[in-house]
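Presented below is the structure to which this report refers.
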Amino acid sequence: MKNNIIAISLVFSSTLFSACQQNNIATESVQTSLKATNKNTFDVKKDFPHLKPEDNLIPVLPKQQWNLIFFDSIDRGFTLNINTDQSRITMSLNCSHSNEHPFFLLEDRDGVDVLTSKSDGFGEAEFILDQHSFMNPFQDTNSTQFEKFKTAFYQAKSFTVKIWLSDELSTQQNAKPVLSNEFHFNNRYAELLKTPSPACSAQN
């Protein structure tokens with residue numbers, strides 16, 4: 001699966017999502033302050049001056065919403081949604097260049113890659129937007145169906161990502177896929193995903 005992760009995902013994993021040991025930082029007070037201001041856009045250097053490069057940013061970001069994050073080394077902000085259990089998803093629905101394609105990266109609470117839009121053959125992703133199901137919407141990002149998905153996504157209040165795996169032990173030709181896992185997210189500030197993101201794939 002690691003071979004399917006694009007270079008920008010590796011940058012995120014090394015700077016933001018790594019499950020490194022945290023220093024003793026006042027995460028609770030920082031989170032309280034951010035929630036009080038309804039903040040959703042962050043410049044890492046300016047908003048978190050107390051954090052060192054090796055610190056994990058996940059605990060101090062607001063949960064159950066989309067956050068637009070800027071690093072000095074990245075000229076475009078990327079969007080990140082963190083669940084209450086610290087599982088998270090990075091997603092791009094819009095890209096700046098014609099040779100790029102929308103992309104998502106789903107990680108568990110430990111920062112381990114669970115599924116990406118480029119995980120060919122690993123599993124199928126079902127996105128449920130307010131009970132409206134879209135199966136593998138990132139399979140063809142130039143399709144009308146993907147445009148419908150984007151429109152529905154901006155309007156949804158919550159979404160769930162279900163991961164379906166083929167039942168390799170079944171001897172039946174038309175065996176039904178097996179639900180492997182599912183992740184639930186609040187979709188607050190979904191309009192942030194209208195902003196072009198660096199978390200795009202160079203290949204479709």
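Below are the figures for this structure:
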quantity: Filtered residue count, the stretch 112-126, keeping only those that are part of a loop (DSSP other than H, G, I, E, B) and open to solvent by less than 30 Å² (accessible area, probe 1.4 Å); calculated: 3
quantity: Answer residue from the stretch 19-68, given it is of a type in the set (F, W, Y) and under 20 Å from the mean Cα position of the chain (by Cα) and is modelled with the highest pLDDT among those; calculated: W66
quantity: Answer residue from the stretch 84-105, given it is outside any loop (DSSP other than H, G, I, E, B) and at pLDDT 95 or above and is farthest from the chain's Cα centre (by Cα) among those; calculated: R88
quantity: Residue in the stretch 153-168 that is open to solvent by 80 Å² or more (accessible area, probe 1.4 Å) and modelled with pLDDT under 95 present; calculated: yes
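The values are calculated or read from the model by the stated rules, or taken from the named source; none is laboratory data. In this text the structure is predicted, and so the values were computed from the model without any measurement. Heads up: the accessible areas ignore ligands, DNA and RNA and are worked out on the full protein's heavy atoms, side chains in. Shrake-Rupley method; radii C 1.70, N 1.55, O 1.52, S 1.80 Å.
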